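Input: a single structure, listed below in structure tokens.
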């Protein structure tokens, strides 16, 4: 049995905390896509921890954590992250497993990412410059190196061959930055990775399932950044939707049970790309300030806006979402009024569908207003204590989406979550 947790917006929905909340009910937590561009924030014993590569169940004893084959893995980031986790009393060598089919991000992948983004000028897509895109390009181009290759005595010669190919590409970009320090760090990190438990991921996870284990598949980024269904070309390089679970872990679709979608009570986006409900005014600044909306990975300020129900319903549809967790509801506590987007005016015509290409259309959000609840909800523990005006806001969203919000997160703490049912 596999349950899935994934983002329904443009990432940064608060998935880390929610995975951490649900983790004790599962035997395996498995990351199925993405790379170190993910930033899943947890609070453990009052300390803030941001995980980029390691699954968010790592702080729970007795739970196996798997990095699946759909992930692209940066050994340097993984090593640093494992050291931070070790400082908090957790040895990753005991409960972290890495699929041998997982592709490796090389230093030259990072250089290619930077060179490519710099070459775009004003048409930058907002890459995190972590090497994710070039690593996935090598995967689909059948050139990449995988974790299992680390155990091959010919790994270094394979690395040099791929590095030379990358160097020719870098030369075409006139990229002259010295990356020798990156390489030194990289090879040190490879030695650490060889100490981890490298497994045949698809056999590992299907064996667990056949023995009755409960698996929680953890997604990165968000559905509106999916390489197929997101706001292309301003998307990530992987399948962030439920379909990515099957290809990213090697599990059959009939094993998937619950699909838990995570959405903020409003919307944010990092980097470039379409954002119909963006508020480029004082209200947007207030959302950013109250929500501390700065990227966990990049530190970049997030663009903020009202919740987009058109995009959210689209994400629920393509993912087969069975329940929703609304995060950061407390950020809206002080607002006099709130708005939700219920349709788009696309080139003057009302639509309730996400357009194929948002960039080539003039899109205006059609908003519906609600009175704010003007109440501090951070101490609320039970659904019956939620302010009536907040309940109205949630009920309207439930009715529009046809999927119920089953949990509401009302603060960053592990215990700040309200079960609605």
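Name the one entry in 35, 39, 14 that is in contact with a helix residue (DSSP H, G or I) (Cβ under 7 Å, 6 or more places away or on another chain) and in contact (Cβ under 8 Å) with a residue 24 or more places away in the chain.
Working: 39 fails: in contact with a helix residue (DSSP H, G or I) (Cβ under 7 Å, 6 or more places away or on another chain); 14 fails: in contact with a helix residue (DSSP H, G or I) (Cβ under 7 Å, 6 or more places away or on another chain).
When all the criteria are applied, what remains is 35.
Test residue 72 against the stated conditions and say whether it is outside the structural domain of residue 151 (by TED's automatic domain parsing), closer than 21 Å to residue 198 by Cα and either in contact with a strand residue (DSSP E or B) (Cβ under 6 Å, 6 or more places away or on another chain) or outside any helix (DSSP H, G or I) (or both). Walk me through it before giving the result.
Numbers: outside the structural domain of residue 151 (by TED's automatic domain parsing): yes; closer than 21 Å to residue 198 by Cα: yes; either in contact with a strand residue (DSSP E or B) (Cβ under 6 Å, 6 or more places away or on another chain) or outside any helix (DSSP H, G or I) (or both): yes.
Yes.
All but one of (1) crowded, with 20+ Cβ neighbours inside 10 Å; (2) in contact (Cβ under 8 Å) with a residue 60 or more places away in the chain hold for residue 93, so report the exception by its number.
(1)
Out of 118, 66, report the one residue that is surrounded by 13 or more Cβ atoms within 10 Å (Cβ to Cβ) and farther than 15 Å from residue 34 by Cβ. Don't jump to the end; show me each part of the working.
Working: 66 fails: farther than 15 Å from residue 34 by Cβ.
Just one listed residue meets the conditions, 118.
Examine the stretch 146-162 for a residue that is in contact (Cβ under 8 Å) with a residue 24 or more places away in the chain, within 30 Å of residue 45 (Cα to Cα), assigned to a helix (DSSP H, G or I) and in contact with a strand residue (DSSP E or B) (Cβ under 9 Å, 6 or more places away or on another chain), and state whether such a residue exists.
The answer is no, given that none of the residues of the stretch 146-162 is in contact (Cβ under 8 Å) with a residue 24 or more places away in the chain, within 30 Å of residue 45 (Cα to Cα), assigned to a helix (DSSP H, G or I) and in contact with a strand residue (DSSP E or B) (Cβ under 9 Å, 6 or more places away or on another chain).
So, in the stretch 370-391, of the ones that are part of a helix (DSSP H, G or I) and under 29 Å from the mean Cα position of the chain (by Cα), which residue ends up surrounded by the most Cβ atoms within 10 Å (Cβ to Cβ)? Talk me through it step by step, then tell me what you get.
Residues of the stretch 370-391 part of a helix (DSSP H, G or I): 383-385, 388-391.
After this cut, where a residue has to be under 29 Å from the mean Cα position of the chain (by Cα) as well, the list is 383, 390-391.
Working: 383: 14, 390: 23, 391: 14.
In this case the residue turns out to be 390.
Are there any pairs with C-beta distances below 9 angstrom linking a residue in the stretch 177-202 that is assigned by TED's automatic domain parsing to the domain that holds residue 245 and at positive phi to a residue that is surrounded by 16 or more Cβ atoms within 10 Å (Cβ to Cβ) and part of a helix (DSSP H, G or I), with the two at least 6 apart or on different chains, and if so which?
none
Being surrounded by 19 or more Cβ atoms within 10 Å (Cβ to Cβ), in a loop (DSSP other than H, G, I, E, B) and out of contact with any strand residue (DSSP E or B) (no Cβ under 6 Å at 6 or more places or on another chain), is that true of even one residue in the stretch 209-225?
So far as the stretch 209-225 goes, no, none of its residues is surrounded by 19 or more Cβ atoms within 10 Å (Cβ to Cβ), in a loop (DSSP other than H, G, I, E, B) and out of contact with any strand residue (DSSP E or B) (no Cβ under 6 Å at 6 or more places or on another chain).
The values are calculated or read from the model by the stated rules, or taken from the named source; none is laboratory data. Model, not experiment: these values are computed from the prediction. Cβ sites come from the backbone with ideal geometry, for glycine too, and all protein chains shown count toward neighbours.
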